[in-house]
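Rule-based calculations on the coordinates, nothing more; no lab input. What you see is a predicted model; the values in this text were computed from it and never measured. As a convention, Cβ positions derive from the backbone with ideal geometry for all residues, glycine included, and neighbour counts pool all protein chains shown.
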Amino acid sequence: MKELSRVAADVQASTTMAIDSLYKKMKADGIDVIGFGAGEPDFNTPDHIKEAAVTAIQNNFTKYTPPAGIDKLRQAVCDRLLVDCGVSYKPSQVVIASGAKHNVFIALVTLLNPGDEVILPAPYWVSYYELIKMAGGVPVIVEAPESCGFKLTPDQLAKAITDKTKAVIINNPSNPTGMLYDEAELRAIGRICVEHDIYIIADEIYYRLVYGDKKFVSVASLEEKIKELTILINGVSKSYSMTGWRIGYAAAPEPIAKLMANYLSHSTSAPSSISQAAAVSALEGSQDCVDTMRSEFDKRRKYIVERINRIDGVSCLMPEGAFYVMMNMESLIGKTLYGDVIRDADDFANLFLRKGLVAVVPCTGFGAPKHVRWSYATSMENIKEGMDRLEKFLKG
Ligand SMILES: Cc1ncc(COP(=O)(O)O)c(C=O)c1O
């Protein structure tokens, strides 16, 4: 057999897969395990959105659409971005793709030439690392430590820039950390990007899930010069519990949006016409469903953080957005539990699943080998039980 593509061969299967497969097997075997790996809201897609999809089918809105998406949806995106983020785009600057992840990928292929560097603050969402490589780029990891709230500092960014740097990825609020950059932090990062002419891939998919008195700020809203370098990525997956509908969007300077649309037109074309109709309804309809979901997440967030920080040996910061908590388990490294030595988050997660019957996501693949991620996109009942099990598990 001839050699397969080196780019494809270099793509790593998700490191979270091993835990996930074991979790699924244990569940299928009838074992009472609880999973905290969900990367999607545990709510149903709101009825009015589903009804819009049914209507689209009944009206035979079931054919190809323009590759960058239907005008109505591109306009709805512009309207939403203006209201929610105070940033103004024309529909011609908006590209609809099959999920925000797809938009990140097309943004990268549009920006990168082979060998271009992309600065990626760690902890990072696991897919970014592979997507950069798939697009021919080189990920340059910069560790944003817990002591700095897991956030990249302007100083760190400046130091990581080389003459090969093309872009930086800023995920705000962040998966896996739940951290939120404030306006001053974003502005400082944006200014450095302007100074060095570096693109910002701003993944703001969790922007509606921000808690307490914290306020989300879109980096593109800060100043025109920053906006000119920003490819804003967002979508309906997390805000409206629509992960299966596969609608994401990007808003970017027109020449970039055009190339992204060209790329789409020869690869996937536009996403499903029916999903696009549903997304219009999500963006234009009542936003009450988002508030309901957010307040439920908020209650869970407070509970889980309070419980974790009462348990000896583990700790976490209070996340300000998304629906994840990063639990620090560093003090357990090198210790023996249930006869096994814990060397890193992978060992911990494996043992916790086998002996504690709880599946969490080890953050080794997220650039954070001393942390595991709990998703609180699951019922309060599960969260309470999960915390009880953690307490019991750590007592040995
Ligand atoms: C940071 C981040 N960006 C993008 C996505 C993917 O969104 P979509 O389902 O719209 O592709 C996820 C999903 O987990 C995510 O966590």
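Some values worked out for this structure:
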item: Unit charges at the beta carbon, dipole of segment 61-285: most positive-side option, 106, 241, 129; result: 241
item: Rh by Kirkwood over Cα pairs, then Stokes-Einstein D for the chain at 1.002 mPa s and 20 °C, µm²/s; result: 98 µm²/s
item: Phi-based couplings in Hz for segment 9-14 (Karplus 6.51, -1.76, 1.60; Gly and Pro marked x); result: 5, 7, 6, 8, 5, 4
item: Nearest 10 degrees, 0 to 90: helix 288-308 Cα axis against the chain principal axis; result: 30 degrees
item: With Cα atoms, 0 to 90° folded angle of helix 71-85 axis to the chain main axis; result: 60 degrees
item: Euclidean distance of C-alpha centroids, segment 254-287 and segment 45-64, integer Å; result: 15 Å
item: Euclidean distance between Cα centres, segment 86-118 to segment 322-362, Å; result: 36 Å
item: Degrees between helix 183-196 axis and first principal axis of the chain (Cα, 0 to 90, nearest 10); result: 60 degrees
item: Theoretical ellipticity at 222 nm over the chain - DSSP helices of four or more residues, -39500 (n - 2.57) apiece, nearest 500; result: -12500 deg cm²/dmol
item: Within straight-line cross-link reach of residue 335, aspartates and glutamates at Cα separation under 17 Å, skipping those fewer than 8 residues along the same chain; result: 312, 344, 346, 347, 391
item: Karplus-derived 3J(HN,Hα), 6.51/-1.76/1.60, for each residue of segment 251-261, Hz, glycine and proline x; result: 10, 8, x, 3, x, 6, 4, 4, 5, 4, 5
item: Over 30 Å (Cα to Cα) - which of 63/101; 2/370; 101/370; 101/384 fall in this group; result: 2/370; 101/384
item: Calculated from backbone phi, Karplus (6.51, -1.76, 1.60) coupling profile of segment 145-150 in Hz, x at Gly/Pro; result: x, 4, 5, 9, x, 6
item: Sum of side-chain charges, residue 112 neighbourhood, beta-carbon under 12 Å (Lys, Arg +1; Asp, Glu -1); result: +1
item: Ranked packing of 167-173, 243-249, 55-61, 385-391, most packed first, by mean Cβ within 10 Å; result: 167-173, 243-249, 385-391, 55-61
item: Under 23 Å, Cα to Cα: Lys pairs in segment 126-245, sequence gap 8 or more or different chains; result: 23
item: Packing rank of 70-81, 292-303, where each peptide gets the mean count of other beta carbons within 10 Å, highest leading; result: 70-81, 292-303
item: Those trypsin sites (Lys or Arg not before Pro) in segment 1-61 that DSSP places in a loop and that have at most 10 other beta carbons within 10 Å; result: 2
